[in-house]
Every structure is written in C-alpha cells, then in structure tokens.
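Novice: This is the structure I have questions about; it appears just below.
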Amino acid sequence: MAEQVREGRMTAAAQGELTVFLIGMRVNRMLAVRTWWPVLRAMPRMLRELSRDDESGLLGFQTLIGGPQLVYVVQYWSSHEKLIAYASARGAEHRPAWAAFNRRARGSRGAVGIWHETYVVPDGAYESVYVSMPPFGLAAATGVEPVGHRGERAAQRLRLGRSPLG
C-alpha cells in the first residue's frame, strides 16, 4: 500500500545525534551475474533482520537505484556504535555476507564494486523539508511534523545548539 501524501510543508521529527550510512554496489560487468547477484540479494536479508530487531539501532532506510549499474541504500541509525556492533556481530547476516563477497571478489576481477560512507551527524546539524510528499528518507525513519514546529526557515531548523526557533 502506498504511503499517504502529507499536504503542506513537513519536516523530519528526528531528535538528537544520528548516523547516516550509505552503502551500495556497482555492477561493472553485467554478464557476471554469478558475482553480483549474491551481493544484490544479501542486503534485503540484512535489512529484514535489522528491521525486526527494535534494539538494532536502525531507524529506517531507503533503497535507491542510480541507473542500470548502481543500487544503494541510505540508512538512518540511532548511533554509530550500533551500526558498528551490527557489522561485527558474529550471529548476524552481515559477517557471512561480507566473507562471501570477499571470496567471490578475489576471482571476479572487479565484476562488482561495493562502497559505503558513514556520517555521524550531531543534534541540530541536519534539517529537512518535504512538500506534498509521503514520509520519505529521514522523515520515514523518524516520523514527520509540521515545519513550523522546528522553524519556518532552513536556518532555524539547522539550529546547531540554538533553540529551534531562535
């Protein structure tokens, strides 16, 4: 079922520090399906595992496609410590997927590339606005509220230690 469009100007209801984690894969050789297909299939398993665990620290995610060769996921985490804990957890989906990728990558001669970027964002150092949109991105991860609750202008919402309307 499609998310309902929220009329008017909304912002994410995020509070406090958060971690934004971007992770993706690039198919460098489309015909090497046996190399890139397992990489593509691993991420949904991890996201399902994380989404079922309220203590995992994953607040939400958005999967995006950047053309025929690039798939990536924007993830919002409550802390970088929880992200790192998941990445190294022995019983979780990530470690076997990472080990399998490394085994395949050695013989694939660059058929598939992977990348990630991690940003730890202090409280007040992020802002968002969504106009006539269903909850998306950070707002889908943390909830939405009218822009006026945090300030009508981006500079007000990017408070960097100041009060929300000051």
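The values are calculated or read from the model by the stated rules, or taken from the named source; none is laboratory data. Quick caveat, the model's predicted, so the values are computed rather than measured. All Cβ positions, glycine included, derive from the backbone under ideal geometry; neighbour counts span all protein chains shown. When the accessible area is computed, the model is the full protein with side chains, heavy atoms only, and any ligands, DNA or RNA have been set aside. Shrake-Rupley method; radii C 1.70, N 1.55, O 1.52, S 1.80 Å.
Novice: In Å, what Kirkwood hydrodynamic radius results for region 29-101 from the alpha-carbon pair distances?
Specialist: Every distinct Cα pair counted, the radius reaches 13.4 Å.
Novice: From zero up to wherever the largest Cα-Cα distance of region 14-65 sits, split into 5 Å bins and tell me the percent of pairs in each.
Specialist: Histogram of Cα-Cα distances, whole percents per bin: 4, 15, 22, 21, 16, 10, 7, 3, 1.
Novice: Given Cβ point charges of +1 (Lys, Arg) and -1 (Asp, Glu) and nothing else, what value in debye, to the nearest 20, does the dipole of region 107-155 about its Cα centre take?
Specialist: The dipole magnitude comes to about 220 debye.
Novice: For the charge dipole of region 1-139, defined by +1 on Lys and Arg C-beta atoms and -1 on Asp and Glu C-beta atoms about the Cα centroid, which residue among TYR130, VAL5, GLY24 has the Cα displaced farthest towards the positive pole?
Specialist: Result: GLY24, furthest along the dipole toward the positive end.
Novice: Give me the Kirkwood hydrodynamic radius of region 88-166, using the inverse of the mean 1/r over all pairs of distinct Cα atoms, in Å to one decimal.
Specialist: By the Kirkwood definition, the hydrodynamic radius is 16.4 Å.
Novice: Right, another one. Tell me the relative contact order for the chain as a rounded percent, counting alpha carbon contacts under 8 Å between residues six or more apart.
Specialist: Reported as a whole number, the value is 41 percent.
Novice: Between region 70-97 and region 117-162, how many Å separate their Cα centres?
Specialist: Using only Cα atoms, the two centres lie 23 Å from each other.
Novice: Also: Which three extents, in angstrom, do the Cα atoms of the chain have along their principal axes, listed largest first?
Specialist: Its Cα atoms span 57, 32, 28 Å along the three principal axes.
Novice: 5 Å is the cut-off here: which amide hydrogens, built 1.01 Å from N in the peptide plane, fall below it relative to GLY143, excluding neighbours closer than 5 in sequence?
Specialist: ALA13
Novice: To continue, here is another question. Collect residues whose amide H, placed 1.01 Å from N in the peptide plane, falls under 5 Å from the amide H of GLU17; neighbours closer than 5 in sequence don't count.
Specialist: ASP123
Novice: Using a 1.4 Å probe on the protein heavy atoms, what percent of the accessible area of region 7-165 belongs to carbon and sulfur?
Specialist: For region 7-165, the apolar C and S fraction of the accessible surface comes to 57 percent.
Novice: Stick to Cα atoms and the Kirkwood definition of Rh, then tell me Rg/Rh for region 57-96.
Specialist: Rg/Rh: 1.07.
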